Amino acid sequence: VKVEGEEGNRTTFPTENEGLIYAGITCDNEGITTATWDVDNWSLIVNTKGPNKCVVTFKPGYVLSTYLSKLVESDITSDGTDDDNKRYYGPNETVKNYIWFNCDTYSGLTKDNASEHCELWRIIGLMNNVETESKGTQNLVKIIRDEFLPNYLVWDNKPKGTGSSDSSYGSSDWTDSRLMMLLNPGYSTHELNATEATGSLYWDRKDGKCSGATKSGITVSDGTTIDCKFSTEGLKGDDTGPTKSMIESVKWKLGGRSTISIATPSDWYSSERGASVPSGRKTEWIGKIGLMYPSDYGYATGGKESGSGSGTYTRDQCLAKAVSGWSSGAYRTDCRDTDWLLATQWTITQRLTSSGVTALNASGIVTDYSTANEACAVRPTLYLKSDVKILDDEVSDGSSDHPYIIVP
């Protein structure tokens, strides 16, 4: 066993927690021996027809959160909040925040074969002071699926009197919403699922019925379901597999807003972490898979580098403007069009009404969906565990051509 940067060879394999990453295997006689390193089970697999000598090489790895914290300001920057989160920002075509995730294996991944095993996700940023379910407060990397899930999915469409729903338009309470139950584990037989529908399809990577529609904006009543094909689009592996084991269970803040037309990104951030919720609702939820916040979109704007020309706004000027004002004029081109998260999709944040939730629309406005039982696009969002490492292969730079490769 050889470790790059160390003189000589070891006689035993390094342990998983030594901060080393598998780098390769060489055998003296490749004609009679094949050897692979199983990173999922941290073990060597050898198939040989005779005596042979193989050397397994490891190299220093980088904890992903530490790596991101050291990126230069042009790639990732502080959002200026008290938490001092580090976020990717700028137009979609220039932001280098691509990452391979949801892989069927993390053993032997390279830039050439990762697409055969993994999905493209994107890093929202390094979020500080995230409350976890069992490990206290940590600094965690937050990622979002690059592509939407198939079909347009309903935030919630429980009828009045079912769970937290006190209207016929579904509930704005994420803690028992049908979209939450679709994405997270433990809801396959939950009594709050729609008739004939099954929860946990995304987590369990199964096909079934779910609450959704074939077009965006369609109102879906209780019992109206569509076929959801998550056997190809869901999370890979079992609950102890590397993909699911890399997802941290955290306390998602569920604070809402009553007025959205005047809210800047910092206003959204404060409200999301506040205590304003409809009567009787919870201010936080412990879980694994959520959605992006309105503030995630707001802080992802790049703005213009200088205030030249007619009405050209810098990033700081965009952040000082209400997000709803990004839909016209120079704000549209300078703030909305330089935001890599721009796309119509649900957010996790509620309005201060029994059934009102928020979504980002194509105009770049965080808009009010007055009823939760409308269908919209969904991009799962999650926090990676703090010990997830990035493979330093001297090629991956986070671009769409060379996404980052991570390992458990």
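Within segment 34-115, which trypsin sites (Lys or Arg not before Pro) sit in a loop by DSSP and count at most 16 neighbouring Cβ atoms inside 10 Å? Mind showing how you got there, number by number?
Numbers: sites: LYS49, LYS53, LYS70, LYS86, ARG87, LYS96, LYS111; in loops: LYS49, LYS53, LYS70, LYS96, LYS111.
Those satisfying the criteria are LYS49, LYS53, LYS70, LYS111.
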Which residues' amide hydrogens lie under 5 Å from the amide hydrogen of GLY80, considering only partners 5 or more residues apart or on another chain, with H built in the peptide plane?
-> ASN85
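Using only the Cα atoms of segment 309-408, build the gyration tensor, take square roots of its eigenvalues as a ≥ b ≥ c, and label the shape rounded, prolate or oblate: rounded if a/c is under 1.5, else prolate if a/b is larger than b/c, else oblate.
oblate
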Among SER211, SER279, SER43, what's the order by accessible area (1.4 angstrom probe), most exposed first?
-> SER279, SER43, SER211
Whole-Hz Karplus couplings 3J(HN,Hα) for segment 149-154, θ = phi - 60° and coefficients 6.51, -1.76, 1.60, Gly and Pro as x, run 5, x, 6, 9, 10, 8
Within segment 75-154, how many Lys pairs sit with Cα atoms under 21 Å apart, leaving out pairs fewer than 8 places apart on the same chain?
-> 4
Taking amide H positions as placed 1.01 Å from N in the peptide plane, with prolines and chain starts having none, which residues 5 or more places from TYR404, or on another chain, fall under 5 Å of its amide H?
-> TYR98, ILE99, TRP100, GLY398
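Can you figure out the FRET efficiency of ARG10 with SER231, using R₀ = 56 Å and their beta-carbon distance, to the nearest 0.05?
Values: r = 43 Å, r/R0 = 0.76.
Calculated value: 0.85.
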Karplus-derived HN-Hα couplings along segment 167-174 (A = 6.51, B = -1.76, C = 1.60, θ = phi - 60°), whole Hz, x at Gly and Pro | 9, 8, 10, x, 10, 8, 8, 4
Just the Cα atoms of the chain: what Rg and Dmax do they give in Å?
-> 22.9, 76
With a ≥ b ≥ c the root eigenvalues of the C-alpha gyration tensor of segment 52-197, is it rounded (a/c under 1.5), prolate (a/b larger than b/c) or oblate?
-> prolate
Cα centroid separation - segment 339-381 against segment 178-203, whole Å = 20 Å
In segment 257-398, taking the dipole from +1 charges on Lys and Arg beta carbons and -1 charges on Asp and Glu beta carbons about the Cα centre, the listed residue (SER271, VAL395, THR344) farthest towards the positive end is SER271
Would you pull out the residues with amide H under 5 Å of SER355's amide H, same chain only if 5 or more places away, H placed 1.01 Å from N?
-> SER172
Quick calc: nm separation of the 7 Å Cα→Cβ label points for GLU305 and GLU73 -> 1.4 nm
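Computing the accessible area with a 1.4 Å probe over protein heavy atoms, can you report the carbon and sulfur percentage for the chain? Don't skip to the answer; put the middle values down first.
Working: 7690 of 17200 Å².
That share works out to 45 percent.
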SER258 versus THR26, label points 7 Å from Cα toward the beta carbon: distance in nm?
-> 7.0 nm
Kindly report the accessible area of segment 91-179 per residue (heavy atoms of protein chains, probe 1.4 Å, no ligands, DNA or RNA), in Å².
-> 38 Å²
Where does segment 157-294 land on Rg(C-alpha)/(2.2 N^0.38 Å)?
-> 1.11
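Suppose every Lys and Arg Cβ carries +1 and every Asp and Glu Cβ carries -1, with no other charges. What dipole size does the chain come out with about its Cα centre, to the nearest 20 debye? Could the numbers behind the result be given before it?
Values: 40 positive and 55 negative charges, 170 e Å.
The dipole of the chain has a size of about 820 debye.
The values are calculated or read from the model by the stated rules, or taken from the named source; none is laboratory data. Predicted, not measured: the structure shown is a model, and the values here were computed from it. Every residue, glycine as well, gets a Cβ built from its backbone with ideal geometry; the counts of neighbours run over all protein chains shown. The protein model used for the area step is the full one, side chains on, heavy atoms only, and it has no ligands, DNA or RNA in it. Shrake-Rupley method; radii C 1.70, N 1.55, O 1.52, S 1.80 Å.
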